[in-house]
Amino acid sequence: MVSGVDYDFPPFRPPSEAGSILLRATRGCPWNRCAFCVMYKGMRFSRRPVEEIKRDIMVAMSIFGPRPTMFIGDSNSLVMKTEELVEVLRFARKVFPGLRRVTSYARAKTILHKPLDDLVALREAGLTRLHVGLETGDDQLLKYMCKGATAGEMVEAGRKAVEAGFELTEYVILGLGGKDGWKRHASETAKALNRINPTFIRVRTLVPIPGTPLYEKVASGEFKASSPLEVLKETRLLIEELNVSSWFLSDHVSNYLPVNGKLPDEKEDLLNFLDIHIDILESNPELGRGLLQPEHLRQRL
Ligand code: SF4
């Protein structure tokens, strides 16, 4: 409720959508099983009726004003019937004629299940960018984290989204392989991203959250979380093995360092930046740790 106005805000949005109109088309996550994720736990997934979403679009004008970008939540709006989402997108464009970017989270499996023509129809109705959680390209790790898709399916879905004309963000979780699996996580993730060549690669760094299965595995000692030094080495290996023309962005509070740049042009700069911090962390851990995002801020998710 905003100033007496009834409006259903999506509870989460990507950091890059901080200035966007926030619209809720579904509630919760239809998968809701990833071992590291707490976002929609305790929330039953539901679809909102199109008329209700349209009413919110009209109310949105009074809340947000005529902004150029819109994010449609919650975790996987593409799970809606294509014709219903097209209707919502067209109506949003009518109410907000200045929209130049409309984005949504999307699960890889959902992209795979949609015919290419449906994806193109959504693109033509005004959905411009998809945010997909790859997390890792390591099949073993995808299974361990209950992501519900293989690396091959992730790649196929990403390529299909690009083919349909979407700008594509692929999210990666640094540290997801832990002490025992960071090298494989970095290399396999680079391989998957190389095959997708998304518009953006956005990294987040693992913070085990109470209430998640992964937190229990950390507490029992089954999963050994990476140290900051290992995370930086993993980031270095990932970037080194990337052969993409993507933006690499660390736009999240959980990350130790702001590693941001366009690949391949700024690859050497990013690697040098990481090397400097890796050297300092190895030679003077106290000084090196002071140069990284403090833990108390990383935990503020
Ligand atoms: S990471 Fe995404 S798909 Fe997995 S449970 Fe969380 S919101 Fe759902």
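Observations on the structure shown:
- Proportion of all alpha-carbon pairs of segment 116-235 beyond 26 Å (%): 25 percent
- Estimated from helices alone, the mean residue ellipticity of the chain at 222 nm is -13500 deg cm²/dmol (sum of -39500 (n - 2.57) over DSSP H runs with n ≥ 4, per residue).
- Unpartnered cysteines - no second Cys beta carbon under 4.7 Å - across the chain: Cys29, Cys146
- In terms of other Cβ atoms within 10 Å, Ser20, Ser77, Ser227 run from fewest to most in the order Ser227, Ser20, Ser77.
- Karplus-derived 3J(HN,Hα) values for segment 76-92, using 6.51 cos²θ - 1.76 cosθ + 1.60 with θ = phi - 60°, are 6, 4, 5, 6, 5, 4, 4, 5, 6, 5, 4, 4, 4, 5, 5, 5, 4 Hz; glycine and proline are entered as x.
- Checking the Cα-Cα distances for Lys179/Lys217; Lys233/Lys267; Lys109/Lys233 against a 24 Å cut-off, the pairs over it are Lys109/Lys233.
- For the chain, built as a Gaussian network whose Cα springs stay under 10 Å, the top-fluctuating residue of Glu268, Glu240, Glu135: Glu268
- Distance histogram for segment 15-298 (every C-alpha pair counted, 10 angstrom bins, percent rounded to whole numbers): 6, 28, 33, 22, 9, 1, 0
- Of Leu122, Leu281, Leu206, the residue with the greatest mean-square motion in the GNM of the chain, using alpha carbon springs below 10 Å, is Leu281.
- Positive minus negative residues near Ala186 (Lys, Arg vs Asp, Glu; Cβ under 12 Å): -1
- Close amide H contacts of Ile21 (hydrogens built in the peptide plane, cut-off under 5 Å, sequence separation of 5 or more or a different chain): Thr69, Met70, Phe71.
- Couplings 3J(HN,Hα) of segment 101-117, computed from phi: 9, 10, 10, 8, 5, 8, 7, 4, 4, 5, 4, 5, 6, 7, x, 4, 4 Hz, in residue order, whole Hz [Karplus 6.51 cos²θ - 1.76 cosθ + 1.60, θ = phi - 60°; x for Gly and Pro].
- In this structure the amide hydrogen of Gly133, modeled in the peptide plane, comes within under 5 Å of the amide hydrogens of Ala106, Ala108, Tyr171, none closer than 5 places in sequence on its chain.
- Counting only DSSP beta bridges with both residues in the chain, the antiparallel share comes to about 15 percent.
- Hz values of 3J(HN,Hα) by residue in segment 35-52 - Karplus curve (6.51, -1.76, 1.60), Gly and Pro given as x: 5, 9, 9, 10, 3, 10, 4, x, 10, 7, 5, 8, 9, 8, x, 4, 5, 5
Throughout, read-outs are computed from the coordinates displayed, never taken from laboratory work. Quantities reported herein were computed from a predicted structural model and do not represent experimental measurements. A quick note on method: Cβ atoms are made from the backbone with ideal geometry, for glycine too, and the neighbour counts reach across all protein chains shown.
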